[in-house]
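The values are calculated or read from the model by the stated rules, or taken from the named source; none is laboratory data. Quick caveat, the model's predicted, so the values are computed rather than measured. Reconstructed Cβ throughout: ideal geometry from the backbone, glycine too, with neighbour counts over all protein chains shown.
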Amino acid sequence: MTQLDSSKLSWMRGDDVAAIFEALPKDSTRYVGGCVRNALMGVKVGDIDLATKLEPKAVAKALEVAKIKYVPTGIDHGTLTAVIGGKPFEITSLRKDVETDGRRAVVAFTQDWAEDAQRRDLTMNALYADRDGKVFDPTGQGLEDLNAMKFRFVGEAEARVKEDYLRILRFFRFLAWYGGEGKVDGTALKACRENRKGLKKLSAERVWSELKKLLSAPDPSRALRIMLTNEILDTLLPEASNAEGLTRLVALERREAIAPDPLLRLMSMSAREPLQMALLCKRLKMSTKETNRLRAWSDSSAALDPHASDGEKLKAIYVAGKDVVIDRARVRAAGEDDALLSSRWMSLADLAMGWTPPDFPLTGKDLKAAGVEPGPQMGKVMKALKALWIRSGFTADKDKLLMALKLINR
């Protein structure tokens, strides 16, 4: 019997999760999925998910009686999210698939843990643990595969993938995070490859969310290379399928102690083409913040010279924007074969990181007081004065700029 030692796992000892177990009937509820898997692997546990024999309405009623707040996040599919002290706990009723189309499923509720396990993706994610930490493995393969780090779909791989094509990305995400250099399950890989076109049926939000998790792994290079050789990467990201670029960036991250950044990694896999990046951001329905960063990188036309003096570099950083320079310089540093040139690009990135751009000394009020009429003319004058200020190395103060304004207005 496999047993989790709850005395050593703080997430199992919390008053919050204890309150949920107390609210639901004894022996009706178990931990499931990632928290069990990660605890057995000895890695950090994030979200705590629970599975229960109770149907959603019964779960809701039990939580209400216990005065535990909940959100019906996916109640049609059997999921409620209990919230205690601002912390979410996803509670899902045991279920089996009745009908699937690769995007969503019609489910029926069940009392059978084995039936619930059969509808999960990977065997290592179909592990359950009771309140005391006793581990249950209904498929009979989860513990064995976890120990061997074998990523295998539950039951028939083809059927699991066709139930939800997002499982293709989940497969590679787990491979990226935990796969190391071990042999990849051929049956699972074949199912992913032969059903890759199904990825196009998925919602953009689900795809991007899963991609970010994959790209946040310590080193997703191998997983991305396997996706490329199996024509999955081109199917999913035709604008960003340069797996070699990612490999180079990960090497730079290790050398320079740069934290994994999914957006920077996406840049390393992409050409700096404005139209392609705009289409990618739109297709994946990225957030405004994500889109602005990626497009600023792809659209930037500022000339950057890693051999320039620090003064000239600061001027370029001011014009381009420090975040854009950091992104461009790091991607260039990763792509350089010449170690010295790579180091120079990193120096540019480091300079941008450590520099706080100065504030331009003049405002519109200053120009108006000096007799410049508001409107297009003021914009032109402001632009000319700012260019002069930048050329001075940001040394021209307010008085000097107003003096220059008098010369301009002659």
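Things to note:
- Extreme residue, farthest from the chain's Cα centre (by Cα), among residues of region 70-99 that are surrounded by 14 or more Cβ atoms within 10 Å (Cβ to Cβ) and among the hydrophobic types (A, V, I, L, M, F, W, C): Leu94
- Residue in region 150-157 that is surrounded by 19 or more Cβ atoms within 10 Å (Cβ to Cβ) and out of contact with any helix residue (DSSP H, G or I) (no Cβ under 9 Å at 6 or more places or on another chain) present: no
- Within this structure, Arg30 passes the test of being under 21 Å from Gly74 (Cβ atoms) and either among the basic types (Lys, Arg) or surrounded by fewer than 11 Cβ atoms within 10 Å (Cβ to Cβ) (or both).
- Criterion (out of contact with any helix residue (DSSP H, G or I) (no Cβ under 7 Å at 6 or more places or on another chain) and modelled with pLDDT of 95 or more) met by exactly one of Gly335, Gly321, Gly354: Gly354
- Taking the listed residues Ala329, Ala384, the one that is assigned to a helix (DSSP H, G or I), under 28 Å from Ala257 (Cβ atoms) and of a type outside the set (Asp, Glu) is Ala329, with no other qualifying.
- Among the residues listed as Leu348, Leu340, the single one being free of Cβ contacts under 8 Å to residues at least 12 places away in the same chain and either assigned to a helix (DSSP H, G or I) or of a type outside the set (Asp, Glu) (or both): Leu340
- Number of positions in region 218-242 that are surrounded by 17 or more Cβ atoms within 10 Å (Cβ to Cβ), within 17 Å of the chain's Cα centre (by Cα) and not hydroxyl-bearing (Ser, Thr, Tyr): 8
- Selection status of Leu362, touching a residue at least 24 places away in the same chain (Cβ under 8 Å), of a type outside the set (Ser, Thr, Tyr), over 27 Å from Trp208 (Cβ atoms) and touching a Leu at 6+ places or on another chain (Cβ under 8 Å): yes
- Evaluating Lys406 against the criteria (1) outside any helix (DSSP H, G or I); (2) surrounded by 10 or more Cβ atoms within 10 Å (Cβ to Cβ); (3) more than 48 Å from the chain's Cα centre (by Cα) leaves one unmet condition, (1).
- The lone criterion from (1) buried (at least 16 other Cβ atoms within 10 Å of the Cβ); (2) part of a helix (DSSP H, G or I); (3) touching a residue at least 12 places away in the same chain (Cβ under 8 Å); (4) polar (S, T, N, Q) left unmet by Thr291 is number (3).
- Only residues that are out of contact with any Lys or Arg (no Cβ under 9 Å at 6 or more places or on another chain) and closer than 15 Å to Tyr318 by Cα were counted in region 360-383, giving 1.
- Per this entry, Arg254 is not counted among residues that are under 14 Å from Leu175 (Cβ atoms), surrounded by fewer than 17 Cβ atoms within 10 Å (Cβ to Cβ) and either free of Cβ contacts under 8 Å to residues at least 40 places away in the same chain or among the aromatic types (Phe, Trp, Tyr) (or both).
- Lys398 touching a Leu at 6+ places or on another chain (Cβ under 7 Å) and not hydrophobic (A, V, I, L, M, F, W, C): yes
- Residue list for region 181-216, restricted to those being in a loop (DSSP other than H, G, I, E, B) and either of a type outside the set (Gly, Ala, Ser) or farther than 19 Å from Arg152 by Cβ (or both): Glu181, Lys183, Val184, Asp185, Asn195, Leu202, Ser203, Ser216
Here's the yes/no breakdown for (1) within 19 Å of Asn125 (Cβ to Cβ); (2) of a type in the set (Asp, Glu); (3) touching an Asp or Glu at 6+ places or on another chain (Cβ under 8 Å):
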position: Lys162; (1), (2), (3): yes, no, no
position: Leu169; (1), (2), (3): yes, no, yes
position: Phe174; (1), (2), (3): yes, no, no
position: Lys183; (1), (2), (3): no, no, no
position: Ala188; (1), (2), (3): yes, no, no
position: Cys192; (1), (2), (3): yes, no, no
position: Gly198; (1), (2), (3): no, no, no
position: Ser203; (1), (2), (3): no, no, no
position: Glu210; (1), (2), (3): yes, yes, no
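- Glu64 out of contact with any Pro (no Cβ under 8 Å at 6 or more places or on another chain), modelled with pLDDT of 95 or more, in the same structural domain as Val135 (by TED's automatic domain parsing) and farther than 23 Å from Ser6 by Cβ: yes
- All strands (runs of 3 or more DSSP E) inside region 52-157 with 1 or more residues being aromatic (Phe, Trp, Tyr) and within 23 Å of Ser28 (Cβ to Cβ): 69-74, 87-93, 105-109
- For the condition buried (at least 19 other Cβ atoms within 10 Å of the Cβ) and under 30 Å from Leu4 (Cα atoms), Arg196 does not qualify.
- Residue in region 269-288 that is under 17 Å from the mean Cα position of the chain (by Cα), under 18 Å from Asp327 (Cβ atoms), polar (S, T, N, Q) and surrounded by fewer than 21 Cβ atoms within 10 Å (Cβ to Cβ) present: yes
- Pick from region 365-392, criterion exposed (fewer than 13 other Cβ atoms within 10 Å of the Cβ) and in contact (Cβ under 8 Å) with a residue 24 or more places away in the chain, ranking: nearest to Ala329 (Cα to Cα): Arg391
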